[in-house]
Structures are given as structure tokens and as C-alpha cells.
Amino acid sequence: MGLQMQSHGIQSMLKEGHKHLSGLDEAVLKNIDACKQLSLITRTSLGPNGMNKMVINHLDKLFVTNDAATIVNELEVQHPAAKILVLAGKAQQEEIGDGANLTISFAGELLQNAEELIRMGLHPSEIISGYTKAINKTVEILDELVENGSETMDVRNKDQVLSRIRAAVASKQFGQEDILCSLVADACIQVCPKNPANFNVDNVRVAKLLGGGLHNSTVVRGMVLKSDAVGSIKHIEKAKVAVFAGGVDSSATETKGTVLIHSAEQLENYSKTEEAKIEELIKSVADSGAKVIVSGAAVGEMALHFCERYKLMVLKISSKFELRRFCRTTGAVAMLKLSQPNPDDLGYVDSISVEEIGGVRVIIVKNEEGGNSVSTVVLRGSTDSILDDLERAVDDGVNTYKAMCRDSRIVPGAAATEIELAKRVKEFSYKETGLDQYAIAKFAESFEMVPKTLAENAGLNAMEIISSLYAEHASGNSKVGIDLEEGVCKDVSTLCVWDLYITKFFALKYAADAACTVLRVDQIIMAKPAGGPKRDQPAGMDED
């Protein structure tokens, strides 16, 4: 057996069935090609005129979106090098919540330019050192491009907030950004804590209700629950709330016991004591001043009967996370079992009412004075996929608000920043000696991808636009970008298109890191995949 199986080189070292790719052609260029394909997918959905993608994932769920983070999450990317780009996009999504598309597209563009350099005969390590110098230079230049006076901002001033989140929302829902931005700004400002750096994204909820149109959307200070009140009381104002996590019902005892009943009277009294016990519990809750009972599990028939008798409103919230958010909104403390609540454990609401929106019964819990609790954006739209896309736009807006609370500096949007960076990095490459100057020049060219893509997605002539942008920037107007509606170059400070500095900073940094990581690989060695059935990872829980 051993004699027939003598193979040479690396085959003799590894188990059979493995794959081994090495050298420029097999490993490096194949990796670059895979990453280029991925960035081609996301690139056409960059910017306000970006096209939508229809992605059907392995569970047959349909996504129609131009949000790059969602697209690459739902594509099950197999290629190891393209996965690096996906991870860079995810890192951007975690860090800022917007700009994943720029990260992936820019990294793809960097790699495509690296491929040309490799074909010219440069070694990958020279390209990496050039790219590293270039990204450090880019970060320096980016600092200089920050708009004066934008370091300080009042995060509760709606106009200042709007100018910063407009670009982020417009790139997802172009043409509807004004309505959406004012909704997002209202919701965020309502829940902004004393120290804005502690802003919690989870405090802005989104409730999606079919029907109506975007102009019917509103912001509710408090929560919107998609269920109906249990019992007959549907509306109550200025009430105290008791929250029971374990359900409102007569509790069965832990131990099992047998009861021997001798006569009919005993049988009658047996069930009466149960009723009396429940009535006593419900009465104690009513006496504590609570008008609303919120249960985390089932509500028993008999308990409900006594709640009605004592005019208590009963809500049932089955989701544990929703129950926690409800406690946050009202300031209540969830109690485990039905007992008389302490006055400190009770929450307070301004009003709880059951309303019918578009044929769906929803409970609206309002809490105006309760400080920075929770606010909900109620979105209306005609189909589920439109609602999902609106939700992503709101999500981007809220994340941008959070990023803005940390660092409020802004740079010109609409590709003005990118062209200025391209021009300055190009000038920097002329001063360098050595082979990495070619890599730096290519890095500068990669920035043209942004205006080019924006123009192409809007159906404009990309070459004309880029050359006129360069001409404007060469004469010193560093704030000239593309006006997509008219298809001409304009000063973006008049158009009011601003991007957050921190979004650009991380997007370019992650993209350059991902590109360098892919270029550093020169061999791919894949073991034989393990046998056995493929297991999918379980779907993620709602994190709270």
C-alpha cells in the first residue's frame, strides 16, 4: 500500500483531498478576482441613486435593498479572501452603522489597482508598503478637510442634526430623506441622555405597520406594541403600572399532594378558597394604586375576571426583551410572581391606549415626562420589503446620530472629499522615491471610484464629471462635489451634503487594512472538508 502512494512535494506532506494554491497567478490574483466580484456587487448600490439588489437567502427570505451590510450578510460568501472584505464591512457596520458600502467598494478598487501593479511586475510587499504610507497620508489630509466650526455641536438642535444625518439617510431612501430625517432627528433628540456620549441606539425602536404611506409615519414618545389589550379596558391615562414577569394566574404548588374530600360542602369550599385567594392577590395589586397590570406570560381566566371587576387594564407582553424595554419606558421593576407590589416597583405611564392602525390593533404606551426612556418611529408603507428598507434607513440615521454624539466633525459629501484626497495623495506620490510611489499613485486613483460610481449610478457621463471635478479642485475649490439631480459639479456647502468625518475615517481605514490583508496572502492551503451533514448556525437572538 505504502509503495504505490508515493507522491512528491507538498502532496506527500498533507492528507489527500486537500487543495493547495500558491504563487502569484493561483493565489494572489485569484483572491483579488474574488474580492473584485464582491465589490462589483456592492458598488452599483453606492450612493443615493444606487440600484437595489434582490437577495434570497438560504431560508427563502427575500431582501430587496441597497444597503451593502444587509447584502453581504445575506450572501453566503464562501471564498476566504472575499470573506475578509465582508468582515471589514461588518466591522464598519458595528463601529459606525453606516458606510459599509464605501468600505467594501473601496477595498475592491484598491485590489483591482494592485492587480495592475502586480502584472507590471511590482512585488505585493512593495504595494503594501505604498498603501500603508498612502492611508496614513490620507488620514492626515482628511483632518484638514474637516469643516470649520463643526467640532462643537448641540446634539439637541434639530437643524444641526438634520444636516449631518441627511446624507446617510438619502443614500438609502433618495427623495424621501426630508421626511425620514425629521422623524429620526425627533426620535433621537427625545431619548438623548444628559451626556450625549451615552446615547443608546436601542432606545429608538421601529414599529412597521402595513398600509398608508411614508407621510403617515409618526414618532411616538414611548412604545408601540403589536398586540391587543387582554380584557375590556382599552384606554387609561396617568396610571401606575405593575409588571409581573411570571404571568398572572393562580400558581400551582411545587409539591404534589392528594386531597381527600368527604362531603359535598368540602368540595364547594375547596374551589371557593382558590377564588378567594386570587381575588385577594388582585385586590392587593389594585390597592397599591396600580391601574395597569402587565404580564410576561399567560393571564388566567379567573385572574382576568377579578382584574375586570377591580377595573384594572391587563396587557400581555410575551417577549422578554420587549418586557425589559417596557420596564425601561415606564420605570417599573418586573416582579417574579403575583404579589402585592412595593410602591417603588410601580412604573408610571401618561397614557396607554389601544388604537387601530391600518387594520392592526396596537397598544401605544406614551410616557412624555419620563426623561430619556424610549421613543418609537412608526413607519407606514405599502409592502413588507419597502418597510424593511425604510427601517434600514432609519437604522442608519440613528447610528449616524450616535456616531455624531461621539465626534461631530463633518467633511464635504457628494465625492468632494474623495476627489480632494485623490489630488493630494497623487501630489504626495510624486515626492516619494522608490517603487512604492506607484502604489501610492494607484491608491490616489482608487478614490476616483466614488465620484465615478455616483455618476454612473445616476446615469451621468463619469469621465466628464471627474475631469471637471479635478479642474475645480485644482483651482482651489476643495468643496466642489457632484449635484446628482442636475448632473453638474457644485459647491456642496450650498447643497448641504455633509458626511461625518468619523464614518469616512473608519471606512477608508478598514478598506485599506482589508486590501493589505488580502495582498499579504501568497499561498492558500485548504484541508479536505470534514464529512458529515452540513450544519447551519442557529439564527441570532435579538440582542438587548
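The values are calculated or read from the model by the stated rules, or taken from the named source; none is laboratory data. These figures come from a predicted structure and were not determined experimentally. Using ideal geometry, Cβ is built from the backbone for each residue, glycine included, and neighbour counts are taken over all protein chains shown. We work out accessible area using only protein heavy atoms, side chains counted, and drop any ligands, DNA or RNA first. Shrake-Rupley method; radii C 1.70, N 1.55, O 1.52, S 1.80 Å.
So if we plug the beta-carbon distance of His18 and Ala471 into 1/(1 + (r/R0)^6) with R0 = 41 Å, what FRET efficiency do we get, rounded to 0.05?
0.15
All distinct Cα pairs of region 213-362 go into the 1/r average, and the inverse of that average, the Kirkwood radius, is 16.8 Å.
Comparing Cα centroids, region 326-369 and region 202-260 end up 7 angstrom apart.
Here the calculated FRET efficiency for Lys238 and Leu62, from their Cβ-Cβ distance with R0 = 30 Å, stands at 0.10, rounded to the nearest 0.05.
Computed 3J(HN,Hα) for region 189-206, one whole-Hz value per residue from the Karplus formula 6.51 cos²θ - 1.76 cosθ + 1.60 where θ = phi - 60°, is 5, 5, 9, 6, x, 4, 9, x, 5, 8, 4, 10, 4, 5, 7, 9, 9, 10, glycine and proline marked x.
For region 101-170, the set of GluC sites (Glu not before Pro) satisfying both a DSSP loop assignment and a count of at most 13 other C-beta atoms within 10 Å is given as Glu151. Look at the dipole of region 175-274 built from charges on Cβ: of Ile233, Ala187, Val206, the Cα furthest out on the positive end belongs to Ala187. Sequentially through region 84-98, phi angles give Karplus couplings (6.51, -1.76, 1.60; θ = phi - 60°) of 4, 5, 4, 5, 5, x, 5, 4, 5, 5, 5, 6, 10, x, 8 Hz, Gly and Pro residues having no value and appearing as x.
Summary of the geometry: region 92-123 and region 468-507, compared by the centres of their Cα atoms, lie 21 Å apart.
Ordering Val349, Val248, Thr383 by Cα displacement along the dipole of the chain toward the positive end leaves Val248 in first place; charges were set at the Cβ atoms of Lys, Arg (+1) and Asp, Glu (-1). Our coupling estimate for region 149-157, obtained by passing each phi through the Karplus curve with A = 6.51, B = -1.76, C = 1.60 and θ = phi - 60°, is x, 8, 5, 10, 8, 9, 5, 9, 8 Hz, Gly and Pro reported as x. Residues whose amide H lies under 5 Å from that of Ser227, counting only those 5 or more places away or on a different chain, are Ile363; hydrogens are built 1.01 Å from N in the peptide plane. Put simply, the amide H of Thr218, placed in the peptide plane, has neighbours under 5 Å in Val378, leaving out anything fewer than 5 places away on its chain. Of the three principal axes defined by the Cα atoms of region 311-386, the extents in descending order read 46, 25, 24 Å.
Considered as an equivalent ellipsoid built on the Cα gyration tensor, region 284-422 has semi-axes of 42, 19, 12 Å, the largest given first. Near the amide H of Ala239, within less than 5 Å, lie the amide hydrogens of Val349, all on another chain or at least 5 residues away, with H placed in the peptide plane. Note that the chain presents 49 Å² accessible area per residue, ligands and nucleic acids not counted, probe 1.4 Å.
The magnitude of the dipole of region 22-161, with charges of +1 and -1 set on the Cβ of Lys/Arg and Asp/Glu and taken from the Cα centre, is near 380 debye. Calculated on the Cα set of region 117-164, radius of gyration then Dmax: 19.0, 55 Å. Measuring between alpha carbons in the structure, the pairs from Lys30/Lys490; Lys431/Lys509; Lys504/Lys528; Lys238/Lys277 lying more than 32 angstrom apart are Lys30/Lys490; Lys504/Lys528. Taking Cα centre as origin and charging only the Cβ of basic (Lys, Arg, +1) and acidic (Asp, Glu, -1) residues, the dipole magnitude of the chain rounds to 760 debye.
For the chain, with all protein chains in place and a probe radius of 1.4 Å, 51% of the accessible heavy-atom surface sits on carbon or sulfur. Sites counted here are trypsin sites (Lys or Arg not before Pro) in a DSSP loop (not H, G, I, E or B) having no more than 14 other Cβ atoms within 10 Å; the longest part of the chain that contains none of them is 338-519.
Can you list the GluC sites (Glu not before Pro) in region 173-269 that are in a DSSP coil and have 11 or fewer other beta carbons within 10 angstrom?
Glu254
The mean sequence separation of alpha-carbon pairs under 8 Å and at least six residues apart, normalised by the residue count of the chain, gives a relative contact order of 26 percent.
Cross-link partners for Lys283 among the lysines, with Cα-Cα distance under 18 Å and sequence neighbours closer than 8 places in the same chain left out: Lys240, Lys272, Lys291, Lys311, Lys337. Scattering from region 270-352 was approximated by placing one identical point on each alpha carbon and applying the Debye formula without solvent; log10 I(q)/I(0) at 0.18, 0.20, 0.27 1/Å stands at -0.76, -0.94, -1.56. Any idea how far the Cα center of region 392-432 sits from the one of region 62-78, in Å? So the two Cα centres are separated by 24 Å. The candidate values were (i) 208; (ii) 150; (iii) 239; the one computed from these coordinates for volume of the Cα convex hull per residue in Å³ carries the label (i).
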